[in-house]
Structures are given as structure tokens and as C-alpha cells.
1. What pairs can you find where one residue is in segment B:54-77 and at the interface with another protein chain (Cβ under 9 Å from one of its Cβ atoms), the other is open to solvent by less than 50 Å² (accessible area, probe 1.4 Å) and within 12 Å of DNA strand D (Cβ to nearest atom), and their Cβ atoms are less than 9 Å apart, with a gap of 6+ or different chains?
2. In the list B:R59, B:R37, B:R26, which residue meets the criterion of being of a type in the set (D, E, K, R), modelled with pLDDT under 90 and not in a loop (DSSP other than H, G, I, E, B)?
3. Would segment B:109-117 turn up any residue that is of a type in the set (S, T, Y), modelled with pLDDT of 90 or more and open to solvent by 30 Å² or more (accessible area, probe 1.4 Å)?
4. Tell me, which residue of segment A:58-107 that is small (G, A, S) and surrounded by 17 or more Cβ atoms within 10 Å (Cβ to Cβ) is farthest from DNA strand C (Cβ to nearest atom)?
5. Among the residues of segment B:35-53, which ones are touching a residue at least 24 places away in the same chain (Cβ under 8 Å) and within 8 Å of DNA strand D (Cβ to nearest atom)?
6. Please tell me if A:M44 is under 20 Å from B:G28 (Cα atoms) and more than 7 Å from every other protein chain (Cβ to nearest Cβ).
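The values are calculated or read from the model by the stated rules, or taken from the named source; none is laboratory data. Worth saying up front: this structure is predicted, and the values here are computed from it rather than measured. Cβ sites come from the backbone with ideal geometry, for glycine too, and all protein chains shown count toward neighbours. What goes into the accessible areas is simple: the full protein's heavy atoms, side chains included, and nothing from ligands, DNA or RNA. Shrake-Rupley method; radii C 1.70, N 1.55, O 1.52, S 1.80 Å.
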2 protein chains.
Amino acid sequence: MDVSTLPPPVTHESDTCAVVRAILARVGDKWSILIVRMLGDGSMRFSELRRSIEGISQRMLTLTLRNLERDGLVERTVTPTTPPRVDYELTDLGRSLQSITEAFGRWAVTHRDQIENARIRFDARQ
Amino acid sequence: MDVSTLPPPVTHESDTCAVVRAILARVGDKWSILIVRMLGDGSMRFSELRRSIEGISQRMLTLTLRNLERDGLVERTVTPTTPPRVDYELTDLGRSLQSITEAFGRWAVTHRDQIENARIRFDARQ
DNA sequence: TGTGCTGGTTACGATCAGGAACCGGAAGAG
DNA sequence: CTCTTCCGGTTCCTGATCGTAACCAGCACA
């Protein structure tokens, strides 16, 4: 996710479809929503995030945080101590997304069994 | 040094984390949310969907619909006429996701300018 | 002297999303 | 009887994205 190779800016057509697509391209990747959810409880250090998001690699955490920062959803604060300390927290814009990620998390937990069962049934039918 | 001294505590957070990741892997792709939003207004034919979701290829529409069907979010109905007619509509499970996709759509439309501006500012800073 | 923690970056390979083009059947158009 | 169109879907191939592993600099601690 090199910043210089990111997709082109959103056009100014008022097509909801296109807007949703553009935002999804930013926030619909593998880790963004998870990070936003994590930061919902308050600011966190880099390594704290790394430990609490199971399975994320250092590289992907860096890249995803950089993108979220670029999009104004997350703020990065460096404290030049030794060892250095870098904190990330949601901006107002990031917090405005929280209710959605919360809702999504609740939906996921509530319906995961139904999805799992549907998948098993579908695969059995083939 | 003994490395095994820090067992990753299986908290409620990390559980939710795994579930969210699993559901995101299904529904967080480029087109699923858009299709669910489209079908929110009622059942639609394949080609109807293709025309109304700007930019989707036939292949991705087929694949995404197949996955949504597999996960029990969408129901597929074939009417063997000539030309064949295939209708797709949301299941109850699919409809339960609607409020979230609606909210996401609204959020995307409302905040896209803020994201766009943040991105421009960030890029200018580099 | 060397090992660990901090927050990264770089190199590289595998995987998989996604677009272009194609398919086969039927019904018009001419 | 060809030529095109519409239908839903599939095959092929490229290039973006993700992940692993290694490396970096600065400082503390032993």
C-alpha cells in the first residue's frame, strides 16, 4: 500500500454507488475496521495494537495506520522518549465511524452461526 | 530469556476480533455491500443488478452473488424460460444486515468530503 | 558485548481479486 | 439461413494486495 500508488481521488458525481465504492476501497480492507474498533476504547500504542489484533503483521499494521491517518480517521502522536512512543487515536471523523463498526461487530457476533450453518448447507448441496 | 512468559490473554476483545475478521472476509469485499444495498429495495434480476451497479463485471457479480448465496444472505431463483431468468433477493439474514449497509452508505456520502480533504492535506505534508 | 524493546522499512514471493473475452441457446432482423 | 442481441455464466490471465522474514537506529540494562 504505497501511498503514491493509491487509487485516484473520488470524483464529484453524486452517485451513491460510486461514493460507497470509494469509501469501501479505503475502509473495507482486511484490517481498517478492526483497528477503528480497537481505537474506539481510547488511544493505543503501536505495539499495543499489534498485540491485541491477533494475526496482523507489523507491516500491515503500519500500512493500515498510515492510510487511516491519511484519510483523517486516526491521529498519530510521537513522543520522543527512549524507547520512542507512538500513540494512535481516533479523530472526530474516526469516532463518527464508530457506531457503524460497533453495529457491524454486534451483527457479526450475533449472526456468525447462521452464516456458518448456511455455508455448510450450501456446500453439502453441491 | 524465557519468551513463553507472555501468554496472549484470550479476552472478549480478541474473540470478537476473530469473528469480525471472518465476517469481513465475506462481506467486506468490493461488491457485497453494494449488492445488499441494491437488493434492499426488493428482488432483482442478474442483468438488472449488473446495469445498476456501475462498474461491476459479469464475473464479479456472479462470484459475489454466489458467495452471498452460500452465506445465506441472498436467495437465488431460476425460472427456466427463454431467455433464462434468474432472480436474487435478500433472505431474512440478508435483511438483518440492511440497517448496517444503509448506515454505511449514509456515512460514506456524508463524510466523503472530509476524507478527501484530509487526504489532500496529508499528501501535501509529505 | 550483546540482547531486548521501541516503531518502523525493505525485499520478495504467493495468492487472489478482477477485467477481457468467450460460450451456448433461443429469439428476432433482414 | 446468416447476423445480431439478450440471457446468465465461465475461462484465462495479469497485476494489486497481503504476508513472511530480514533489517534498521537509538537507547537501556546486565
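1. Note: pairs meeting the criteria are B:E69/B:Y88.
2. Values: B:R59 fails: modelled with pLDDT under 90; B:R37 fails: modelled with pLDDT under 90.
Exactly one residue qualifies, and that residue is B:R26.
3. Restricting attention to segment B:109-117, the residues satisfying the condition of being of a type in the set (S, T, Y) are B:110.
Now narrow it down to the ones that are modelled with pLDDT of 90 or more: B:110.
Okay, now just the ones that are also open to solvent by 30 Å² or more (accessible area, probe 1.4 Å), so B:110.
Within segment B:109-117, one or more residues are of a type in the set (S, T, Y), modelled with pLDDT of 90 or more and open to solvent by 30 Å² or more (accessible area, probe 1.4 Å).
4. To start, the set of residues in segment A:58-107 that are small (G, A, S) comprises A:72, A:94, A:96, A:99, A:103, A:105.
Right, trim to surrounded by 17 or more Cβ atoms within 10 Å (Cβ to Cβ) and you get A:72, A:94, A:105.
On the way: A:G72: 17, A:G94: 16, A:G105: 22 Å.
The residue in question is A:G105.
5. First, the residues of segment B:35-53 that are touching a residue at least 24 places away in the same chain (Cβ under 8 Å): B:35-37, B:39-40, B:42-46, B:49.
Across segment B:35-53, the qualifying residues are B:R45, B:F46.
6. Working: under 20 Å from B:G28 (Cα atoms): no; more than 7 Å from every other protein chain (Cβ to nearest Cβ): yes.
Considered against the rule, which asks whether it is under 20 Å from B:G28 (Cα atoms) and more than 7 Å from every other protein chain (Cβ to nearest Cβ), A:M44 comes out as no.
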